[in-house]
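S.K.: Take a look at the following structure, please.
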Amino acid sequence: MGFQSKSLGAALATLPADWLFANACIVDAGGTASPWLETNFDDGFAVAAESGVLASVGGLPTRVSFAWCGTDANADTVDGVATPGLWGNAYGATAQALVSPGFAVWTQWTRCERAVATRATQEFALGVTIDDCFGRMGDGCGAAVAWSRPVDPTLDEQVLLESYYRAQVTGSMQLSLDAQVLMPSADAGVDDPTVVGSVRVVWRF
């Protein structure tokens, strides 16, 4: 959807037990740019559900969740082009664990049927984060690798590498340096990898 567009719907979040959560939502997939609360589910909708478990392994927190989404809409729906009989599903799984105090690992996997996918049909990511690096309170670093299979047939399967370092400069300011490398580039006409660097400053008051 374009800037200032929105999708309206309803969502429910529940915590049946202190170790279990379940969420669900239904939204108007076509979206609208109207300033009023307008929905048109005839143009497409998406329904999703997620359930997860919060556990303690060795006294440290672990989270595992699974999500599903079904929709009768795709990129053409947003452009006002109907696709009769369309239905597609997407699935996702997430796992996060604190292996030791200050050291965490996480992984994510998603799969989407090509009929309703807009960017990729499958993705997988794995990363680690470390807090209080090198004995410096407040510092942190992390690294991740991700793989994706684009919908665009002219693009090769892509790998993204990312790393960051966050420095606690003062008691109220943090400075983060981040680097990302996408191989190959997301543009079929560019053979070289895309390299992106960023600097972020956060002040806490």
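S.K.: Of all residues in the stretch 64-104, how many are out of contact with any Asp or Glu (no Cβ under 7 Å at 6 or more places or on another chain), assigned to a loop (DSSP other than H, G, I, E, B) and among the small types (Gly, Ala, Ser)?
M.R.: 4
S.K.: Can you name every residue in the stretch 105-132 that is at pLDDT 90 or above and assigned to a loop (DSSP other than H, G, I, E, B)?
M.R.: Of everything in the stretch 105-132, those that are at pLDDT 90 or above and assigned to a loop (DSSP other than H, G, I, E, B) turn out to be 113, 114, 115, 116, 117, 132.
S.K.: Quick one: count up the residues across the stretch 1-27 that are at pLDDT below 85 and assigned to a strand (DSSP E or B).
M.R.: 1
S.K.: Tell me yes or no: at least one residue of the stretch 111-123 is more than 30 Å from residue 74 (Cα to Cα), charged (D, E, K, R), touching a residue at least 12 places away in the same chain (Cβ under 8 Å) and surrounded by 14 or more Cβ atoms within 10 Å (Cβ to Cβ).
M.R.: no
S.K.: Mind checking whether some residue in the stretch 158-165 is surrounded by 15 or more Cβ atoms within 10 Å (Cβ to Cβ) and among the β-branched types (Val, Ile, Thr)?
M.R.: No, that holds for no residue.
S.K.: Select, from 119, 166, 111, the only residue that is under 30 Å from residue 59 (Cβ atoms) and among the charged types (D, E, K, R). Quick ask: steps written out before the conclusion?
M.R.: Working: 119 fails: under 30 Å from residue 59 (Cβ atoms); 111 fails: under 30 Å from residue 59 (Cβ atoms).
Residue meeting the stated conditions: 166.
S.K.: Please determine, by comparing only the residues of the stretch 173-190 that are of a type in the set (S, T, N, Q) and closer than 16 Å to residue 140 by Cβ, which one is surrounded by the fewest Cβ atoms within 10 Å (Cβ to Cβ).
M.R.: 176
S.K.: Out of (1) surrounded by 16 or more Cβ atoms within 10 Å (Cβ to Cβ); (2) touching a strand residue (DSSP E or B) at 6+ places or on another chain (Cβ under 6 Å); (3) at pLDDT below 90, the odd one out for residue 43 is which?
M.R.: Going through the list (1) surrounded by 16 or more Cβ atoms within 10 Å (Cβ to Cβ); (2) touching a strand residue (DSSP E or B) at 6+ places or on another chain (Cβ under 6 Å); (3) at pLDDT below 90, residue 43 breaks only (2).
S.K.: Given the conditions (1) farther than 30 Å from residue 91 by Cβ; (2) in a strand (DSSP E or B), which single one is not true for residue 144?
M.R.: (1)
S.K.: Looking at residue 171 and the list (1) assigned to a loop (DSSP other than H, G, I, E, B); (2) closer than 24 Å to residue 123 by Cβ; (3) not hydroxyl-bearing (Ser, Thr, Tyr), which single condition is not satisfied?
M.R.: (2)
S.K.: Working only within the stretch 154-183, note down all residues that are in contact with a Leu (Cβ under 6 Å, 6 or more places away or on another chain) and of a type in the set (Ser, Thr, Tyr).
M.R.: 165
S.K.: I've got another one for you. Quick one: in the stretch 84-101, of everything that is more than 23 Å from the chain's Cα centre (by Cα) and touching a residue at least 24 places away in the same chain (Cβ under 8 Å), which residue is nearest to residue 135 (Cα to Cα)? If you could, list the steps in order and put the result at the bottom.
M.R.: Step one: filter the stretch 84-101 for residues more than 23 Å from the chain's Cα centre (by Cα), giving 84-86, 100-101.
Add one more test, that the residue is touching a residue at least 24 places away in the same chain (Cβ under 8 Å), and what stays is 86, 100-101.
Working: 86: 55, 100: 15, 101: 13 Å.
Only one residue tops the list, namely 101.
S.K.: Output the qualifying pairs, or none if there are none: Cβ atoms under 6 angstrom, residues six or more apart or on different chains, first residue in the stretch 124-141 and more than 22 Å from residue 94 (Cα to Cα), second residue part of a helix (DSSP H, G or I).
M.R.: 139/133
The values are calculated or read from the model by the stated rules, or taken from the named source; none is laboratory data. Values in this document were obtained by computation on a predicted structure and should not be read as measured data. Here Cβ is always computed from backbone atoms with ideal geometry, including for glycine, and neighbour counts include all displayed protein chains.
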